[in-house]
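For reference, the structure discussed in these notes is given below.
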Amino acid sequence: MATQLPKTGTPREALLAEMRQRKSQDADWKGGRTFSLVYPAGEDVDRMLADANELYLYENALNPFRFPSLRQMEVEVVEMTAGLLNAPPEAGGCMTSGGTESILLAVKTARDRAAAERGVTRPQLLAPVSAHPAFAKAAAYLGLEHVQIPLGADTRADVDAAARLVTDQTALIVGSAPNYPFGGVDPIAELAALASERGISFHTDACLGGFLLPFLERLGEPVPPFDFRVPGVTTLSADVHKYGYATKGASVILHRQADHLKKYQLFVYDRWPGGLYGSFAMAGARPAAPIAAAWAILRHLGEEGYLAKTRQLLGAVRRYREGIEAIGDLHVLGQPVMSVFAFTSDRHDPFAIGDAMDQRGWCLDRQKGPDALHLMLSPRHAEVVEDFLADLRWAVANPAASRTSEARYS
Ligand SMILES: Cc1ncc(COP(=O)(O)O)c(C=O)c1O
């Protein structure tokens, strides 16, 4: 390790200049040239987020009793999310640092519930092949066997195959709304029914769709059932830091029954000299700023603001999809329901097209099975659609001579 703590400090201005310089090498998300990791939604959103973050930069959300304002904001974010996702009055939840933590907590809840209520000792987690790696991670961390549900021709989980994979040790079945690779919503109602008939927990991973599908539905778009209106859904994750447009570190996990939160998610400990320690999250100390920013952006945009952003995004999605399909040998995979989708080429290696797009300054994710390029659109992308399509037409006509990239996630 070459870097040492410097003996003397560096003035603030010099450091800021150095950081700006280093940052100039980073992905140009503000220009709409990247398609995941950041969800740019406009300057009004950016300003609100910056102010809310600054106001709560130092507080710690570990102990809600010291910072009642934070506690109140967290409760209100959870309640607003529960309302959007049609959770029943007896539901409960909390905020976490992101989709992965919400998923880890859902898997832990299901594991402990299966042990307590069904005597499951060798728990299995059943998740579609297209489910986010957070489920594999949760299984590895928490000692569950990860069993993959194959996909049907439409890239959604195959329900008959799932039925054959269920055992008396299945602790959790998962469906995505939508999944990351293809943007399709799994047959949540059918999968959740498989689970509930057997007393098994079911998790809807709405990390991506939780703050977009409800608004698409209000705009009259066809949205398959995915939320708590589906009877067997026991937990659901929805990320405010994705299509809720909050800054990073903000997701919500919801339980259909609030008592599961205390019974299976809460960790309490007092066998040490430091006093009673209780925590719902994986983390101990929790930054306050993501909670404040999530609360602020939900209140700032309100339903009307989200509907306006969704309308803008929907217009962009149509133009991207039509423009891509119009190029001729490109086609979109599966049945994407919102703003996340993959496309491939019948004639060329799609990665070679991606490499050509790299040369024009675009940053497209690559995926395999089948090889494809991945797009995750945000409102900002509405402003660069013509540039993107012009460069894509050029890239299809001039693919890189040989591919230099591999499948990669973000
Ligand atoms: C469908 C889905 N679930 C879960 C996650 C994990 O979320 P995070 O990266 O916030 O941990 C992602 C991230 O992209 C996702 O697309």
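The values are calculated or read from the model by the stated rules, or taken from the named source; none is laboratory data. What you see is a predicted model, and the numbers here were worked out from it, not measured in a lab. Note that each Cβ is placed from the backbone with ideal geometry, even for glycine, and that neighbours are counted across all protein chains shown.
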Original post:
If we only count strands (runs of 3 or more DSSP E) wholly inside the range 318-410, which ones have 3 or more residues that are closer than 23 Å to ALA177 by Cα?
Top reply: 340-345, 365-367, 372-376
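Residues checked against (1) in a strand (DSSP E or B); (2) surrounded by 17 or more Cβ atoms within 10 Å (Cβ to Cβ):
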position: ASP112; (1), (2): no, yes
position: THR121; (1), (2): no, no
position: LEU125; (1), (2): yes, yes
position: ASP154; (1), (2): no, no
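Does LEU37 fit the bill of being among the hydrophobic types (A, V, I, L, M, F, W, C), closer than 27 Å to ALA288 by Cβ, away from the ligand (no atom under 16 Å from the Cβ) and surrounded by 10 or more Cβ atoms within 10 Å (Cβ to Cβ)?
Working: among the hydrophobic types (A, V, I, L, M, F, W, C): yes; closer than 27 Å to ALA288 by Cβ: yes; away from the ligand (no atom under 16 Å from the Cβ): no; surrounded by 10 or more Cβ atoms within 10 Å (Cβ to Cβ): yes.
It is false that LEU37 is among the hydrophobic types (A, V, I, L, M, F, W, C), closer than 27 Å to ALA288 by Cβ, away from the ligand (no atom under 16 Å from the Cβ) and surrounded by 10 or more Cβ atoms within 10 Å (Cβ to Cβ).
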**OP:** Considering every residue within the range 322-341, establish whether at least one is of a type in the set (S, T, N, Q), away from the ligand (no atom under 16 Å from the Cβ), in contact (Cβ under 8 Å) with a residue 12 or more places away in the chain and out of contact with any Lys or Arg (no Cβ under 9 Å at 6 or more places or on another chain).
**Re:** no
**OP:** Kindly indicate whether any position in the range 343-365 is at pLDDT 95 or above, within 16 Å of the ligand (Cβ to nearest atom), surrounded by 15 or more Cβ atoms within 10 Å (Cβ to Cβ) and under 26 Å from PHE226 (Cα atoms).
**Re:** no
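So that you can scan it fast, the table gives a plain yes or no per residue for (1) exposed (fewer than 15 other Cβ atoms within 10 Å of the Cβ); (2) without any contact (Cβ under 8 Å) to a residue 40 or more places away in the chain:
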| residue | (1), (2) |
| --- | --- |
| ALA14 | yes, yes |
| LEU49 | no, no |
| VAL77 | no, no |
| ALA87 | no, no |
| GLU90 | yes, no |
| THR96 | no, no |
Subject >> Residues of the range 272-310 satisfying the condition of being aromatic (Phe, Trp, Tyr), over 19 Å from THR247 (Cα atoms) and not in a strand (DSSP E or B) >> reply: TRP272, PHE280
Original post:
Condition test on THR8, is it in contact (Cβ under 8 Å) with a residue 12 or more places away in the chain and farther than 30 Å from ALA258 by Cβ?
Top reply: no
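Yes/no matrix, rows are residues, columns are (1) at pLDDT 95 or above; (2) within 24 Å of the chain's Cα centre (by Cα); (3) charged (D, E, K, R):
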{"site": "LEU37", "(1), (2), (3)": "no, yes, no"}
{"site": "ALA61", "(1), (2), (3)": "no, yes, no"}
{"site": "GLU74", "(1), (2), (3)": "yes, yes, yes"}
{"site": "PRO88", "(1), (2), (3)": "yes, yes, no"}
{"site": "GLY92", "(1), (2), (3)": "yes, yes, no"}
{"site": "SER97", "(1), (2), (3)": "yes, yes, no"}
{"site": "THR109", "(1), (2), (3)": "yes, yes, no"}
**OP:** Return only the number of the condition from (1) under 21 Å from PRO287 (Cα atoms); (2) away from the ligand (no atom under 16 Å from the Cβ) that GLY98 does not satisfy.
**Re:** (2)
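Can you tell me which residue within the range 245-271, out of those that are among the hydrophobic types (A, V, I, L, M, F, W, C) and outside any helix (DSSP H, G or I), is farthest from the ligand (Cβ to nearest atom)?
Our first condition is that a residue be among the hydrophobic types (A, V, I, L, M, F, W, C); within the range 245-271, this holds for 246, 250, 252-254, 258, 261, 266-268.
Of the ones still in play, those that are also outside any helix (DSSP H, G or I) are 246, 250, 252-254, 266-268.
Numbers: ALA246: 11, ALA250: 9, VAL252: 11, ILE253: 12, LEU254: 15, LEU266: 21, PHE267: 20, VAL268: 25 Å.
Only one residue fits best here, namely VAL268.
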Original post:
Does ALA136 satisfy the criteria of being under 22 Å from the mean Cα position of the chain (by Cα), in a helix (DSSP H, G or I) and within 14 Å of the ligand (Cβ to nearest atom)?
Top reply: yes
Original post:
When the range 62-75 is examined, which residues are found to be under 19 Å from LYS262 (Cα atoms) and either loosely packed, with under 15 Cβ neighbours inside 10 Å or out of contact with any helix residue (DSSP H, G or I) (no Cβ under 8 Å at 6 or more places or on another chain) (or both)?
Top reply: LEU62, ASN63, PHE65, ARG71, GLN72, VAL75
